[in-house]
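Inspection log for the structure reproduced underneath, given as structure tokens.
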Amino acid sequence: FLIRSEEHGVPQARHRVIVAGVRKDLAARIRGRGLAVEPLITIMGDKNSDKANVAGVLANIESRYSGLSRRQDRESGWDSVIDQQIRAVRSSLESSELQVNDRERVLKVLKQVEGEVRDRSTNWNPRETLGSYPNELMTWYGQSPLGRPLNHESRSHMASDLGRYLFAACYATAFGSSPKASDFPRPLWPDHANWQSGKFADRFRVQIASEPSTTVTSHISKDGHYFIHPDPSQCRSLTVREAARLQTFPDDYVFLGNRTQQYVQVGNAVPPYLAHKIAQSVYRVWAHQQSG
């Protein structure tokens, strides 16, 4: 069966084929009692109407500054760098080929972000989100044993990439979709020979706050371009813990090794919450063949 994770309470659009088999003699015994032996028929029919989304499962995780490449003191240099990137994005938008109304929508979000950044030194709270967070999933995540998220350090990004993340997250906030390469103002184009080829239209992809995330893969260990945080004021890619939330790892699960290894562990996993659902389905069949 093709399992679509987002239909079963996972805040991620992860589509995978799952295979389960029942030994013929046991299948005959179960069918003889008028019971079904296809365990995944149950889970395919047991879809959650209350879908989880990115904003919901990240809402109670502490906000983070984006790291700055080649800088020792991130916080002391962050304000000046992000202020430069805000000005650069505004300037690129004013000369962009976007329709006037579209440009104004993005600029409106950018202005709000600028205000949030200026207030950050005294009292910074992340923007309100459109999150939904089903009670069952809240119970599943549990709590970190230290009372705060573990594996939640932001990675470092080049200043030019921060500008692209900023534009992309503002665009996603304005339109509810991540921008394609063709939507980026020319001054924000990276120096890639294939940027206009159409092969990498989603080179910079924002996770949409009100939707399940795209598939979390081990590629997140390479760079964060496919996994940009939906809050433009944070201007960064997802941390290991945030990626783990989208994969539904409980908060008391600690990832070891260096950060690259941690991202690979998260990306290569089956969502534990989905594995739990499948196990429940398989258990029903096992219990049927044990009974009587």
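Here are the numbers for the structure shown:
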{"item": "Cut-off under 5 Å, modelled amide H: who pairs with residue 213 long-range", "result": "12, 13, 54"}
{"item": "Surface accessible to a 1.4 Å probe, residue 231 within the full protein complex, Å²", "result": "10"}
{"item": "Solvent exposure, largest accessible area first (probe 1.4 Å, DNA, RNA and ligands not counted), of 248, 215", "result": "215, 248"}
{"item": "Reachable lysines, given that their alpha-carbon falls under 24 Å from the alpha-carbon of residue 47 and they are not under 8 places away in the same chain", "result": "277"}
{"item": "Reachable aspartates and glutamates, given that their alpha-carbon falls under 17 Å from the alpha-carbon of residue 51 and they are not under 8 places away in the same chain", "result": "6, 7, 136, 211"}
{"item": "Portion, in percent, of the accessible area of the range 205-256 that falls on carbon or sulfur, probe 1.4 Å", "result": "52"}
{"item": "Accessible area (Å², 1.4 Å probe, nearest 10) - residue 47", "result": "110"}
{"item": "Pairs of Cα atoms farther than 21 Å apart, the range 191-266, %", "result": "32"}
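The values are calculated or read from the model by the stated rules, or taken from the named source; none is laboratory data. None of these values were measured; they are calculated from a predicted model. Keep in mind that these areas ignore ligands, DNA and RNA; they rest on the heavy atoms of the full protein, side chains included. Shrake-Rupley method; radii C 1.70, N 1.55, O 1.52, S 1.80 Å.
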